[in-house]
Amino acid sequence: MSDKIEFGTDLEITKARSKALLLISKFRLDKSVADKSAYYPKIEKENVADDLQNLINKNEHLAQGDSSLCGPAAFFFDIVRSRPDIYTQVVLGLYKNGKVRLENLKLESSRQARKASLLNARMSGIDWMIMSSIKPDYDKPDDRASGITWPGDLEKWLKNTGYQVVDKTAYFNKGLDSLLQAQLAYAGGYTVFLFVNGDLFKPSGKNKTSFYPNHWVVLNSSIKIKKYDTELKKHKAPAVLSDALVKQISKEWETHEDAMDDFNENGGFKAPDKINNQIILDVFTWGERHQPVFEARGNSQKPDLRLFFNHYYGFIKAKR
């Protein structure tokens with residue numbers, strides 16, 4: 001296998017899976033490939049083959065574990081779900097050669113990363129190889145600072161691997177309009193990378209206000225809103241976020257804020273009813289393909305739209 005890997009023409013997903021499984025089978029049977037990688041001495045051939053096969057057959061997903069490699073995880077998730085054959089070639093190339101070039105993107109782990117222990121990292125060898133290879137200054141799973149992915153880093157990776165349309169104009173834009181643009185991009189077939197604070201997809205922290213983004217996730221569903229009907233005192237059926245819906249919500253918020261200002265200034269017996277519209281969306285993050293906002297499951301937790309914006313910082317959209 002050449003150390004340069006190219007996507008070439010689009011490949012239908014079932015054919016891409018079949019090609020990946022064939023590559024794994026050949027890798028297993030290849031007696032010239034050592035049982036332990038010469039470049040990643042703590043990673044074994046059998047585990048690599050098994051982990052790749054599980055990824056393809058059981059629809060498992062790469063996981064960053066306890067590392068801060070959410071940016072690489074988001075980037076490679078889009079590849080593994082659409083072109084598992086390419087992902088497989090990258091992993092096998094790293095195992096056998098220590099480095100590969102994916103289109104124009106060089107992938108090579110640091111010397112320290114190749115020898116790193118994964119004993120308590122909660123991530124597989126294949127995930128460590130591929131995610132550390134895109135961050136050459138990342139040496140071990142618990143290395144926090146050097147694992148941070150800035151929007152410019154993600155944009156560079158996307159462009160260097162052949163994404164023809166990359167738009168980063170929306171990051172660091174937190175409002176409803178940004179969220180609408182993310183939904184329109186998703187509906188238009190773009191891969192949408194949301195830039196958030198990690199508390200957004202945890203059961204705790206939803207009432208806090210974050211001060212900076214620290215996590216990348218991949219939007220994996222339409223963005224829907226359950227509007228609250230103040231007269232009926234209940235939520236309406238979920239509706240996909242639209243321009244008309246954004247205008248309605250913005251007007252409601254403006255009216256409510258004016259009413260609250262009037263109440264605070266002039267007093268009264270009852271404050272205006274709180275508007276608690278809810279947001280529904282799924283993302284890929286932390287190895288979960290469909291992680292909801294604030295880890296809400298069923299009706300047990302309420303993902304308030306206003307609280308969502310405590311942790312949302314915009315998005316990057318890309319299309320191959």
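Structure values in brief
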| read-out | value |
| --- | --- |
| Residue within segment 278-292 that is in a strand (DSSP E or B), surrounded by 14 or more Cβ atoms within 10 Å (Cβ to Cβ), among the charged types (D, E, K, R) and modelled with pLDDT under 85 present | yes |
| Test for residue 118: is it within 24 Å of residue 8 (Cβ to Cβ) and not hydroxyl-bearing (Ser, Thr, Tyr) | no |
| Per-region count, segment 80-107, residues at pLDDT 95 or above, under 25 Å from residue 150 (Cβ atoms), part of a helix (DSSP H, G or I) and among the β-branched types (Val, Ile, Thr) | 2 |
| Selection count where residues are free of Cβ contacts under 8 Å to residues at least 40 places away in the same chain and over 25 Å from the mean Cα position of the chain (by Cα), scope segment 34-53 | 4 |
| Tally of residues being assigned to a helix (DSSP H, G or I) and in contact (Cβ under 8 Å) with a residue 24 or more places away in the chain across segment 54-65 | 3 |
| Segment 210-255, residues that are of a type outside the set (D, E, K, R), in a strand (DSSP E or B) and without any contact (Cβ under 8 Å) to a residue 60 or more places away in the chain | 228, 235, 239, 240 |
| Out of 36, 4, sole residue that is surrounded by fewer than 17 Cβ atoms within 10 Å (Cβ to Cβ) and within 30 Å of residue 215 (Cα to Cα) | 4 |
| Filtered residues of segment 106-139 (kept if of a type in the set (D, E, K, R) and touching a residue at least 40 places away in the same chain (Cβ under 8 Å)) | 114, 115, 122, 127, 135 |
| Qualifying positions in segment 7-17 - surrounded by 15 or more Cβ atoms within 10 Å (Cβ to Cβ) and part of a helix (DSSP H, G or I) | 16, 17 |
| Filtered residues of segment 138-173 (kept if among the hydroxyl-bearing types (Ser, Thr, Tyr), crowded, with 17+ Cβ neighbours inside 10 Å and either at pLDDT 70 or above or part of a helix (DSSP H, G or I) (or both)) | 138, 149, 161, 163 |
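The values are calculated or read from the model by the stated rules, or taken from the named source; none is laboratory data. Keep in mind that this is a model prediction, so the values were computed, not measured. Every residue, glycine as well, gets a Cβ built from its backbone with ideal geometry; the counts of neighbours run over all protein chains shown.
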